[in-house]
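Single-structure report; data block below.
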Amino acid sequence: MDYQAFFSSELDKLRDEGNYRVFADLERERGNFPKADNHVGEAVRKVTIWCSNDYLGMGQHPSVLGAMHDALDKVGAGAGGTRNISGTTHHHVLLERELADLHGKDAALLFTSGYVSNWAALGTLGAKIPGLVILSDALNHASMIEGIRHSKAQRIIWKHNDLADLERHLASLPANQPKLIAFESVYSMDGDIAPIKEICDLADRYNAMTYLDEVHAVGMYGPRGGGVAEREGLMDRVTIIEGTLGKAFGVMGGYIAASTEVCDFVRSFASGFIFTTALPPAVAAGACAAIRHLKNSNKERLGQQEAVAQVRTRLDAAGIPHIDNPSHIIPVMVGDPVKCKWLSDVLMNRYGVYIQPINYPTVPKGTERLRITPSPVHTQADIDHLVGALTELWSQCQLARLPMAAQ
């Protein structure tokens, strides 16, 4: 076999389909997010980022940067290895306490990313609980899917947010069989939100545990940023809450929050925890500062909600189609991978607007989109420029508009 020819051929297929991923070389400006320098060869140009998951700009917040500088100066750069071998740094202990408090749980457990926390937690629970069946929402994130697959537990895929289908599957299982319902609060591609209360009701009725991924909701919803479950007063009804430190909290890492026994069980058996290097103490300190700030400040959340509402209104007025949802994510629907990539390229090259195209396999073919995430640090001028650019390009690309454009 000619291995290099195989690799080249497969990459060429991606390019022909419009699904080849090109990563923009960006250098964010401290204190000036969402502005960034885009490096193209030897050239550098200014761009505005419109697709970051640093939803609240906390990656630039003075309290976060200050905490990270202080920790770096006090304890150094790295954690020294795995917590299993090198010990737990005190910053990890403090962060896990903050996370447990954020979600009203007895304990929390840190991982190196949200992907790893899902993969390790679901993989461990599925592998170690005898006879466990995991009921997984059809649109769950790849990290959840991989963790469930890795566990080799029995799995049932239920239709997205379909309570009747979930109950049908639960009712078909033996009453004494261990069950775990795995789902997300905010689904990141369409921006829709799960019916958490009703899912918890079904879990109670059929004696199932619940595993809620709040990755795109922590920091964003609830009076202290605990997520959708906090906003709806449901955290105590969820068995395990999983989240990330790399989106609204502006740093990196993942975690689960649950009972002391659940966290200790995963800590003791999860290879994805035991055998991986721990987060650097400065990262943990920065995350801790972000969580503490957002527990006490609603300014960032309100500013972000205002920006989202304004962008939606402006897109409606221009007739540019986007999915109407109750979250902070605005998927502008293109429906063609080549046009989606073209729009993204022209927005960057001509207008200095960075929005990464979302194509297959991240979303189904025919639903290609530009995923916009307004933040409280986008200005009125930024919004005007974005909508103006999209309006011009929508005409050039001969894409359909919604009726409101004629009003």
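The values are calculated or read from the model by the stated rules, or taken from the named source; none is laboratory data. A quick note: this is a predicted structure, and the numbers were derived from the prediction, not measured. Here the Cβ positions follow ideal geometry from the backbone for every residue, glycine too, while neighbour counts run over all protein chains shown. Surface accessibility is based on the protein's heavy atoms, side chains included, excluding ligands, DNA and RNA. Shrake-Rupley method; radii C 1.70, N 1.55, O 1.52, S 1.80 Å.
Below are the figures for this structure:
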read-out	value
Among 291-300, 104-113, the order from most to least packed when residues are scored by Cβ within 10 Å on average	104-113, 291-300
Value of relative contact order over segment 22-124, rounded to a whole percent, pairs C-alpha under 8 Å and six or more apart	11
Pairwise FRET efficiency - residue 207 versus residue 163, Cβ, R0 = 22 Å, nearest 0.05	0.80
Segment 147-175 versus segment 58-120: alpha-carbon centroid distance in Å	33
Antiparallel bridge percentage (DSSP; both residues within segment 84-230; nearest 5)	5
Segment 201-223 and segment 241-313: distance between their alpha carbon centers, rounded to Å	15
Subset of 46/341; 247/295; 197/299; 74/247 violating a 24 Å alpha-carbon distance limit	197/299; 74/247
Accessible-area ranking of 378, 150, largest first, probe 1.4 Å	150, 378
Accessible area (Å², per residue) of the chain, counting only protein heavy atoms and a probe of 1.4 Å	44
Protein accessible area in segment 96-161, 1.4 Å probe - carbon and sulfur %	52
Proximal aspartates and glutamates to residue 339, defined as alpha-carbon separation beneath 20 angstrom and excluding residues fewer than eight positions away on the same chain	12, 16, 17, 190, 368, 392
